[in-house]
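The values are calculated or read from the model by the stated rules, or taken from the named source; none is laboratory data. These numbers come from a predicted model, not from an experiment. Virtual Cβ from ideal backbone geometry, glycine too; neighbours counted across all protein chains shown. Accessible surface areas use protein heavy atoms only, side chains included; no ligands, DNA or RNA. Shrake-Rupley method; radii C 1.70, N 1.55, O 1.52, S 1.80 Å.
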Amino acid sequence: MPYHEFEVSKCIPERKQHAVVKGPGEDLTSCLPKGYLNTIPGSISERGCAYCGAKHVIGTPMKDVIHLSHGPVGCTYDTWQTKRYISDNNDYQLKYTFASDVKEKHIVFGAEKLLKQNILEAFKAFPEIKRMTIYQTCATALIGDDVDAIAAEVKEELPDVDIFVCNSPGFAGPSQSGGHHKINIAWINQKVGTIEPKITGDYVINYVGEYNIQGDQEIMVDFFKRMGIQVLSTFTGNGSYDDLRTMHGAHLNVLECARSAEYICDELRVRYGIPRLDIDGFGHKALGDSLRKIGLFFGIEDRAEAIIAEETAKWGPELAWYKERLQGKKVCLWPGGSKLWHWAHAIQEEMGVKVVSVYTKFGHQGDMEKGVSRCGEGALAIDDPNELENQEALRNLKPDVIFTGKRPGEVAKKMRVPYLNAHAYHNGPYKGFEGWVRFARDIYNAVYSPMHQLSAIDISKDDYATDKGFVTRRMLSDANLSDEAKASPITGYSGKFDPIAAIRAKTDADYPVYPRRSAAEAAE
Amino acid sequence: MNCQVKVKDRVGTINPIFTCQPAGAQFASIGVKDCIGIVHGGQGCVMFVRLLISQHLKESFEIASSSVHEDGAVFGALDRVETAVDVLLMRYPHVKVVPIITTCSTEVIGDDVDGLITKLEEGLLAEKYAGREVHLLAIHSPSFVGSMVSGYDVAVRDFVKKFAKKGEPSEKINLLTGWVNPGDVKELKHLVSELGVEANVLFEIESFDSPLMPDGTAVSHGNTTIADLEATGSAMHTFALNRYEGGKAAQYLEKKFKIPSTIGPTPIGIRNTDALVKKLSQVTGKPIPASLVKERGIALDAISDVAHMFLADKKVAIYGAADLVIGLAEYCLDLEMRPQLLLLGDDNAGYVNDPRIKALQDNVDYPMEIITNADFWELENRIKNEGLELDLILGHSKGRFISIDYNIPMVRVGFPTYDRAGIYRNPVVGYGGATWLAEQMANALFTDMEHKKNKEWLLNVW
Amino acid sequence: MAKNSKKDVARANYVKLYDHDPLADVDAETRAKVSELENYIMKNCLWQFNSRGWDRRKQNAGVLGKTAQLLVGEEVENPTPLDKCYWVDAVLLARNFTERCGWLAEMGKDEIRPLIDKLHARIDWLTIDGSLNEELTVQNY
């Protein structure tokens, strides 16, 4: 096994099995780090907890719901306004968060009464919201509050409300991934099948493992609607609580982030016979193939082809413009789980960059299988890199840019490696054909920032020409390009600051109307 | 009485103003040099606080977790702390101070952190790390007590308690700044140095605003040293500028080392800064220099340009840490403004007896509400459903959507202020802070006038 | 109203098919061809990476079985939605293989099927029998 041992981790030898270098001739049977094991205390890992995996990652993107955490205020506060999952419900789920505010006396005497009062208060404050999710936290799980019983009691008293209970305290698993699992299983056990879907079309999907970061979901749903596909529910970005109770009524589960949501797809496949189709919404080829597959499944591939042709004609040239300028730039990928494999191959093929490392915060070995497969020889794969390992890797790999979270991004900045936010994006959305160009644009802007160039200079020592009043990105990126490339009429991304507003402004009249299939056709 | 102090009458929290105690203890810990705290609890208790701090300061700070997982929650998790201390010390050879910060889960489990520290001192430290200076201390900060503010207060006291030593009486004062920004510390250090006073600054966080250096090696960290902490025990006087963020440490020093203390007032605004400067002068016997008279004059000159013309009678709501909120409210009154609603985001029973709040109750001649244990719904509900009209909001970034959704201009103050660039670099305390605040408030109102086309032409001839 | 299925989650076990790399015994040319096809799958596809071994077995058999049928021009039957789902991945795979691997066109049907069988064995080896992923045998999702 081509394990990579970090100097800084020699004293914690168990870490050795968490990093590998993909050498020539290595494959998955010889090259795979360990994953999803308990974190080494004191190692300064970047992992979160199972509560945040359930509440913050998967629960809260549901848009028409009171999200109540049963515990002291901290868990709620900390997982509020640190993500960019927007919704077309005026961002209700982003703006409002609820904590039962457990205090010492409740720890001693129990907090069930407090919880009930909380639920009633919250529904009273927002009379238009009739759905609620409740999340256990460490403190209330340890004192053994029976949240299910309280929820049942309230439902009895308020027949028009519905409540979902997720028992995923922070300690329930090595990372946030434990919470992803718990909420997936809890949702299918408690909620799926409790109301019947309203089927309005012939082709019905659930869009799963998609969290509408900066509008990703809305971009993708727009494609589906242009194809005449009914999106019954989205699990969970911009998703509606009641729609998610009807997941059993779809013909196909279209799965993006398998890391966080494959469990529910697998269960839906076993329990209801709904197939699971894994797709990539990132990258022109991968997204095109994804739309083709969905089209093929329903016998409407031509509709997918029309969209792909239109979109790639529009955005392909700008992507190529960036690719020419990003050729060979070294990239470190340090997302949470799924983006390491969503991006590893696609950015190399379509943006010309070289992925020198793939890290995962909370991924499992399954994610690393995909990641290691999709990156090239020589790439360093690390499971749950800690602070010092990341710094050592950055010093050794000398990447031109790193895609990671906000806090590690600050570490990278100090080491003179520009960062892009892998979780929340810099200026997304990054899904869709246009979004992929936005991603390329953000990479380009980071790599060729004139400020970044200046930060390398020590004015007390370095001799550098001070004859220029400014330098543009083009002066830096085009220096070694051919005259033909330099003469390109393209000047980078041509889209708007916010591409989502235009989608939200669309009405049914803006989408093609396809005739419904006859019963005989449908039976085929 | 026009000014009412009430406790929020709902039991729950809709949009919390504060996070919990461990966050305050963590913020204190990063102010100490060669210190990495271990938060004993789930990983989220650290990861999110590090994120929060990095959102506010746009810098990263090192704090470790004991990573309590399922088995620890069932069988006790002290072994996780043992490993954490060892791993941390092995991998961070510069680390000398390791606070073990507890959380709700480990307090509920009942892990005996104090006992463990004794065990580690006698075992691990004496054997494996013999010859290395390492200090372990327990900071008990269960999340179900108080808030991040009390967590900070407890942590400052615990650091002082751990290190303060009786030494030769010194001319130095202890300056406990409270939970402030690098810009505040810079301003406060400037004030004391103008007076020719030397101070043990808790915490020395000016360095949080750290550079991006060509060699890529700069890191952000606090600069309060073990020597500074030890010296607090022999200081001539303790100034705890914020009653609820350092007050406990001042009381401890007074009781244990008989060091007299001045607790508050928060030096926000000219008047409260004057109080600090006067007291500093009185205690140390150093005269107030002409430079500060001039500086004060420059501030008053700038403030006079905006106060009675633009700020007077403007209705303002203020939320956040009690010392900050009260200090701002006092200053707003000096600026002829009308604070309408003060939201104090935790259930500290001491607030009602705060002399500054008593003074507000005695003197405010219009209806003002002070809500304790408050959440953001106390503000939003009053605007949305009860007709509260405001010209301005003062507070931190977590309240940003109230400002946005109800079209009320807002000046970002306190912690965290991640949705505006560079707020942490500016002071709100001292004469410099008074100027900055008055001008920020005026500019926020000006932008709002233009945005709403509300007498925007007024500024043509200002 | 549909009742929530309380049926236990899948507990399917699967038998080990390979105890060593099935490509170890084949000639260099076949190995090169299989590697090319394998590389495309590993870089571009996700169907082979379901989370559990028993599902991977079904996925590999379903998708690659239908891919073989498509490549040799056999009619593909999709009696269930699950079959159809294998089929769509197979269609894309067959197209991309044909497009990228010119040598496929020169192969006879009787050569293609054993080649895809080898590919199938190799993918089973990489993703199931030789896999280092310790979660493949976990008994629930």
Between C:Ala94, C:Ala61, C:Ala32, which gets the highest mean-square fluctuation from a Gaussian network model of chain C, Cα cutoff 10 Å? C:Ala32
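Over 18 Å between C-alpha atoms is what I'm after, so list which of A:Lys330/A:Lys431; A:Lys22/A:Lys354; A:Lys354/C:Lys43; B:Lys166/B:Lys256; A:Lys83/B:Lys58 land there. All intermediate terms of the calculation are to be shown ahead of the outcome.
Values: A:Lys330/A:Lys431 22 Å; A:Lys22/A:Lys354 14 Å; A:Lys354/C:Lys43 14 Å; B:Lys166/B:Lys256 9 Å; A:Lys83/B:Lys58 16 Å.
As for pairs spanning more than 18 Å Cα to Cα, those are A:Lys330/A:Lys431.
Heavy atoms only, probe 1.4 Å: what % of the accessible area of segment A:357-489 goes to carbon and sulfur, would you let me know? Kindly include the intermediate steps, with their values, before the conclusion.
Working: 2510 of 4890 Å².
Carbon plus sulfur share of accessible area: 51 percent.
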Cut-off under 15 Å on the C-alpha distance; same-chain residues fewer than 8 positions from B:Lys314 excluded. Which aspartates and glutamates are left, in chain and number order? B:Glu330, B:Asp334, B:Glu336, B:Asp365, B:Glu389, B:Asp391, B:Glu439, B:Asp448
In short, segment B:213-256 residues buried by 40 Å² or more of accessible area relative to the isolated chain (1.4 Å probe) are B:Pro214, B:Gly216
Given the peptides A:145-157, A:401-413, A:359-371, arrange them by the average over their residues of other C-beta atoms within 10 Å, most packed first. A:359-371, A:401-413, A:145-157
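Taking Cα pairs under 8 Å and at least six residues apart, what relative contact order does segment B:19-94 come out at, in percent? Intermediate results must be reported in sequence, preceding the final value.
Values: 81 pairs, mean separation 21.1, N = 76.
Once normalised by length, the contact order is 28 percent.
Just the projected area, averaged over all directions, of the convex hull on the alpha carbon atoms of segment A:50-191: how many nm²?
Details: hull surface 31.6 nm².
Its Cα hull, projected and averaged over all orientations, spans 7.9 nm².
Relative contact order for segment A:71-149 using alpha-carbon pairs under 8 Å, separation at least 6, rounded to a whole percent? Before the final figure, lay out each step's value.
Values: 52 pairs, mean separation 28.7, N = 79.
Answer for segment A:71-149 is 36 percent.
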Rounded if a/c is under 1.5, else prolate if a/b is larger than b/c, else oblate: which is segment A:281-334, with a ≥ b ≥ c the root eigenvalues of its Cα gyration tensor? oblate
Full-extension gain in nm, A:Lys496 to A:Thr472, via 0.36 nm per residue minus C-alpha separation: 6.5 nm
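Using only atoms on other chains, find how many Cβ atoms lie within 10 Å of each Cβ of peptide C:81-93 and report the average.
Partner-chain Cβ atoms within 10 Å, mean over residues of C:81-93: 5.
Per-residue mean of other chain beta-carbon atoms within 10 angstrom of the beta-carbon, peptide B:71-81?
Details: counts 2, 3, 7, 2, 0, 0, 2, 0, 1, 5, 2.
Across the residues of B:71-81, the mean count of other-chain Cβ atoms within 10 Å is 2.
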Can you grab the distance from the C-alpha centre of segment A:477-495 to the C-alpha centre of segment B:1-77, Å, no decimals? 48 Å
Could you tell me the total accessible area buried at the C-A interface, probe 1.4 Å, in square angstrom to the nearest hundred? 4100 Å²
Select from B:Val68, B:Ile263, B:Thr19 the residue farthest towards the positive end of the dipole of chain B; place +1 on Cβ of Lys and Arg, -1 on Cβ of Asp and Glu, and compute about the Cα centre. B:Ile263
Can you divide the C-alpha Rg of the protein assembly as shown by 2.2 N^0.38 Å and report the result to two decimal places? 0.97
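Roll a 1.4 angstrom probe over the protein heavy atoms and tell me the percent of accessible area of segment C:27-137 that is carbon or sulfur.
Values: 2190 of 4380 Å².
Carbon and sulfur together cover 50 percent of it.
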Would you jot down the residues in segment A:71-87 that end up with at least 20 Å² less accessible area in the complete protein assembly than in the chain alone, with a 1.4 Å probe? A:Pro72, A:Val73, A:Gly74, A:Tyr77, A:Asp78, A:Trp80, A:Gln81, A:Thr82
How long are the three semi-axes of the equivalent ellipsoid of chain A, in whole Å, if each is the root of 5 times an eigenvalue of the C-alpha gyration tensor, listed from largest down? 39, 31, 22
Could you tell me, in Å, what Rg and Dmax come out for the Cα atoms of segment B:1-148? 17.2, 65
May I ask which residue of A:Tyr514, A:Tyr448, A:Ala465 lies farthest towards the positive end of the charge dipole of segment A:446-524, with charges of +1 (Lys, Arg) and -1 (Asp, Glu) on Cβ and the Cα centre as origin? A:Tyr514
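Which percent, to the nearest 5, of DSSP beta bridges fully inside chain B are antiparallel?
Numbers: 2 of 45 bridges.
Percentage antiparallel, nearest 5: 5.
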Give me the percent of DSSP beta bridges within the protein assembly as shown that run antiparallel, rounded to the nearest 5. 10 percent
Keeping every protein chain present and rolling a 1.4 Å probe, give me the accessible area per residue for chain C in Å². 47 Å²
Just the number, please: carbon plus sulfur as a percent of the accessible area of segment A:50-191, 1.4 Å probe, no ligands or DNA/RNA counted. 52 percent
Centre separation in Å (Cα based) which lies between segment A:186-233 and segment A:344-382: 29 Å
At q = 0.13, 0.22, 0.26 1/Å the base-10 log of I(q)/I(0) from the Debye formula over the alpha-carbon atoms of segment A:401-469 is -0.46, -0.92, -1.11
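Leaving out ligands, DNA and RNA, calculate the buried accessible area for the pair A and B with a 1.4 Å probe, summed over both sides, in Å² to the nearest 100.
On the way: alone 22500 and 19620 Å², together 36000 Å².
So the buried area, both faces added, is about 6100 Å².
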Need one value for A:30-43: mean number of C-beta atoms belonging to other chains within 10 Å of its residues' C-beta atoms. 6
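When the helix-only estimate is applied to the protein assembly as shown (DSSP H runs of n ≥ 4, each -39,500 (n - 2.57), divided by the residue count), what is the mean residue ellipticity at 222 nm, nearest 500 deg cm²/dmol?
Details: 43 runs with 485 residues, N = 1127.
Roughly -13000 deg cm²/dmol at 222 nm, from the helical runs in the protein assembly as shown.
Which net charge results when you count Lys and Arg as +1 and Asp and Glu as -1 among the other residues whose beta-carbon is under 11 Å from that of A:Cys52?
Values: positive: A:Arg47, A:Lys55, A:Lys83; negative: A:Asp78.
Charge balance in the 11 Å sphere: +2.
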dims of chain C, Cα set, principal axes, largest to smallest, nearest Å -> 54, 35, 24
Output wanted: per-residue J couplings in Hz (rounded whole) for segment A:28-39, from phi through Karplus 6.51 cos²θ - 1.76 cosθ + 1.60, θ = phi - 60°, x for Gly and Pro. 5, 7, 10, 9, 7, x, 5, x, 6, 9, 3, 6
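Of the listed peptides B:215-223, B:164-172, A:296-304, A:223-231, what is their order by residue-averaged count of other C-beta atoms within 10 Å, with the highest listed first?
On the way: B:215-223: 16.7, B:164-172: 13.4, A:296-304: 18.8, A:223-231: 20.4.
Per-residue mean Cβ counts within 10 Å order the peptides as A:223-231, A:296-304, B:215-223, B:164-172.
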Compute the long axis of helix B:376-385 from its Cα atoms, compare it with the longest principal axis of the Cα atoms of chain B, and write down the angle in degrees, 0 to 90, nearest 10. 30 degrees
Express the C-alpha Rg of segment B:129-180 as a ratio against the empirical globular expectation 2.2 N^0.38 Å, rounded to two decimals. 1.46
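Per residue, how much accessible surface does segment B:23-63 expose to a 1.4 Å probe? Answer in Å², no decimals.
Working: 490 Å² over 41 residues.
The answer is 12 Å² per residue.
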How much area per residue is accessible in segment B:132-286 when the probe is 1.4 Å and only protein heavy atoms are counted (Å²)? 36 Å²
Shielded by partner chains, segment A:131-146 residues - at least 50 Å² of accessible area, 1.4 Å probe, vs chain alone: A:Leu142
